[in-house]
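Here the structure comes first, spelled out in C-alpha cells, and everything after it is commentary.
The values are calculated or read from the model by the stated rules, or taken from the named source; none is laboratory data. Values in this document were obtained by computation on a predicted structure and should not be read as measured data. Every residue, glycine as well, gets a Cβ built from its backbone with ideal geometry; the counts of neighbours run over all protein chains shown.
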Amino acid sequence: MGEPYLIGEAMTGGYGKGADILHACTIAVERGEIAVIVGPNGAGKSTAMKAVFGMLDLRSGHVRLDGRDITKLSPQDRVAQGMGFVPQTHNIFGSMTVEENLEMGAFIRRDDFRGTLAQVYDLFPILKDKRHQAAGELSGGQRQQVAVGRALMTQPKVLMLDEPTAGVSPIVMDELFDRIIEVARSGISILMVEQNARQALEIADKGYVLVQGANAFTGTGKDLLENPDVRRSFLGG
Ligand SMILES: Nc1ncnc2c1ncn2[C@@H]1O[C@H](COP(=O)(O)OP(=O)(O)OP(=O)(O)O)[C@@H](O)[C@H]1O
Ligand SMILES: [Mg+2]
C-alpha cells in the first residue's frame, strides 16, 4: 500500500500573522474510502480542512494528492485537480435557485455537465422537485444536499465535507450519511468533519480525533469506537 490518495501531513500554521492553530496535524484519506475528523469545538477541525484545501498558508508540512505535492496550489487549482470542498458555513447561494447553485458548482467545466446534474438529482431527488426554488427557502437538510450536490458538479475525486449534518434531525442525518456512503462507493474519497462523532465513526474507514490542533487519536472507525479513552473523552462514555 502506497501513501493515501490525499494527505495533509504534519501541517503547522494559523490565520494571517496569528499564532499557530495546527501543530504538526496529519489527516488523510485513501481512494474511495471515508475518513472522519472529530474533536471538541475549536480543536481546529475546520482549520485543518481549510489547510488541506489551500485556504491557509502552512508554516510547515505538506499536502499531497495522488502522490503529487500540491502545497502551493490555490483552492481553485485544487478543484481543477479533482478536489471538492463543502465548507461548514456559507456553502450555498440562498437567493439563487437550487439549479443555479448546482450550475455554479460546475464553474470550471467547459464540457456538457447535464449528465452530472442528472446524477446529482438521482442522488438527491428532492432537489429535482425544488430545482426552481430559491435555495435559501429549503430546510437545513435540503440545503446541505444542495451544498454537497454543488461540490459534486465538478466530478471531484475527493470530496471534503465540513459538518454536513450540522443542525439536521437524526433521521435526516442517517439519510445524508447513506448518500455519502453511496458517493464513496462510486469511487470518490470522502474526508469529513463531524460533530455526530459516534454515528460518523460507524461509517468511517479511518478516524482522526483532533485536540488543540494536534492528532490525539488515529485509527479505524472501529478502533476509535472501541477505545476507552476516546469513548470517555469524546463519545460520551
Ligand atoms: N478566520 C479565522 N481567523 C482567526 N482565527 C480563526 C479563524 N477561524 C478559526 N479561528 C480560530 O482557530 C481555532 C480553531 O477553529 P476551527 O474553526 O478550526 O475549530 P473547529 O474544530 O472546526 O470548531 P467547531 O467544532 O466549533 O466547528 C479557534 O481558536 C478559532 O478561534
Ligand atoms: Mg468547524
Task: Residues (under 14 Å from I37 (Cβ atoms), of a type outside the set (D, E), more than 16 Å from ligand 2 (Cβ to nearest atom) and part of a loop (DSSP other than H, G, I, E, B)) located in the range 156-212 - done: I203, A204
TODO: Please determine, by comparing only the residues of the range 46-76 that are more than 18 Å from L210 (Cα to Cα) and within 16 Å of ligand 1 (Cβ to nearest atom), which one is modelled with the lowest pLDDT.
DONE: D57
- [ ] Being more than 21 Å from M153 (Cβ to Cβ) and aliphatic (A, V, I, L, M) is the filter; apply it to the range 42-69 and report the residue that is surrounded by the fewest Cβ atoms within 10 Å (Cβ to Cβ).
- [x] L56
Task: Any hit, the range 77-94, residues being buried (at least 22 other Cβ atoms within 10 Å of the Cβ) and within 16 Å of ligand 1 (Cβ to nearest atom) - done: yes
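Out of the strands (runs of 3 or more DSSP E) lying entirely within the range 19-99, which hold 1 or more residues that are closer than 30 Å to R232 by Cα, more than 16 Å from ligand 2 (Cβ to nearest atom) and more than 17 Å from the chain's Cα centre (by Cα)?
Values: elements: 20-29, 34-38, 60-65, 83-86.
Because the criterion is at least 1 residues that are closer than 30 Å to R232 by Cα, more than 16 Å from ligand 2 (Cβ to nearest atom) and more than 17 Å from the chain's Cα centre (by Cα), the strands (runs of 3 or more DSSP E) in the range 19-99 that meet it are 20-29.
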Open item on the list: Checking the conditions here, which among G149, G105 is buried (at least 16 other Cβ atoms within 10 Å of the Cβ), within 21 Å of L176 (Cα to Cα) and modelled with pLDDT under 95?
Closed with: G105
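Being assigned by TED's automatic domain parsing to the domain that holds E103 and not polar (S, T, N, Q) is true for just one of A200, A147. Which residue is that?
Details: A200 fails: assigned by TED's automatic domain parsing to the domain that holds E103.
After applying the criteria, what remains is A147.
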TODO: Check whether at least one residue in the range 212-229 is in the same structural domain as Q76 (by TED's automatic domain parsing) and under 23 Å from F107 (Cα atoms), and report yes or no.
DONE: no
Task: Cβ pairs under 6 Å, 6+ apart, first in the range 76-94 and within 23 Å of K45 (Cβ to Cβ), second assigned to a helix (DSSP H, G or I) and among the charged types (D, E, K, R) - done: I92/R143
Task: Condition broken by Q119, with the remaining ones in (1) closer than 25 Å to A48 by Cβ; (2) not in a loop (DSSP other than H, G, I, E, B) satisfied - done: (1)
Open item on the list: Going residue by residue through the range 211-228, is there one that turns out to be of a type in the set (F, W, Y) and surrounded by fewer than 22 Cβ atoms within 10 Å (Cβ to Cβ)?
Closed with: yes
- [ ] May I ask you to verify whether Q81 is at pLDDT below 95 and not charged (D, E, K, R)?
- [x] no
Open item on the list: List the residue pairs whose Cβ atoms are under 6 Å apart, where the first residue sits in the range 111-127 and is touching a residue at least 40 places away in the same chain (Cβ under 8 Å), the second is of a type in the set (G, A, S), and the two are 6 or more positions apart or on different chains.
Closed with: F113/A106; F124/G149
